[in-house]
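Presented below is the structure to which this report refers.
Just so you know, all these numbers are worked out from the coordinates, no wet-lab data involved. All values reported here derive from a predicted model rather than from experimental measurement. Using ideal geometry, Cβ is built from the backbone for each residue, glycine included, and neighbour counts are taken over all protein chains shown.
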Amino acid sequence: LPGEKVKIEKGQIYINGKLLDAFYGRAHRLGADLDSLKKALERVDLEDYIRKNIENIANYFEELTMKEIEIPEDSIYIVGDDWFRSNDSRFFGPLPTDKIEGKVVGVIGSP
């Protein structure tokens, strides 16, 4: 939100120096965060191409860092629900609130 300070360290969002302890506060792909991806690599039954894909995503998340910024007035910082495929404030910076055209009013899917 405006006035807050946001940074990312190794795929983890911090707001005003505090860890954002929510699933969307950690880099994730299809529900798997960095720790889950590393644990998946311990499996011995993975095909080589699957292992390489998981390694690539884990490496990307581990290197994902952003210096702390302060969110300007009349702006917000947004993060997509699938960090590996999202085009969000990590790439284009804070979003001016006058660019917001709607809001999420519900989600359809499994509980």
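Summary table below
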item	result
Trypsin sites (Lys or Arg not before Pro) restricted to the stretch 26-88 and DSSP loop, no more than 12 other C-beta within 10 Å	ARG43, ARG85
Selected from ILE100, ILE78, ILE13 as most flexible by GNM, with the chain as the system and alpha-carbon contacts under 10 Å	ILE100
Spacing of the two label points (7 Å from each Cα toward its C-beta) at SER86 and ASN53, in nm	2.1
Residues listed by number, the stretch 51-66, amide nitrogen under 11 Å from LEU30 label point at 7 Å toward C-beta	51, 53-54
Calculated [θ] (222 nm, deg cm²/dmol) that DSSP helices of n ≥ 4 give over the chain, each run adding -39,500 (n - 2.57)	-7000 deg cm²/dmol
Among (i) 139; (ii) 94; (iii) 127, the entry derived from the coordinates for volume of the Cα convex hull per residue in Å³	(iii)
Efficiency of FRET from Cβ geometry, ALA22 and GLU62, R₀ 25 Å, rounded to 0.05	0.80
Under-22-angstrom lysine pairs by C-alpha in the chain, whenever the two are 8 or more apart or on separate chains	13
Total formal charge among the other residues, if their Cβ is under 15 angstrom from that of ILE100, Lys/Arg +1 and Asp/Glu -1	-3
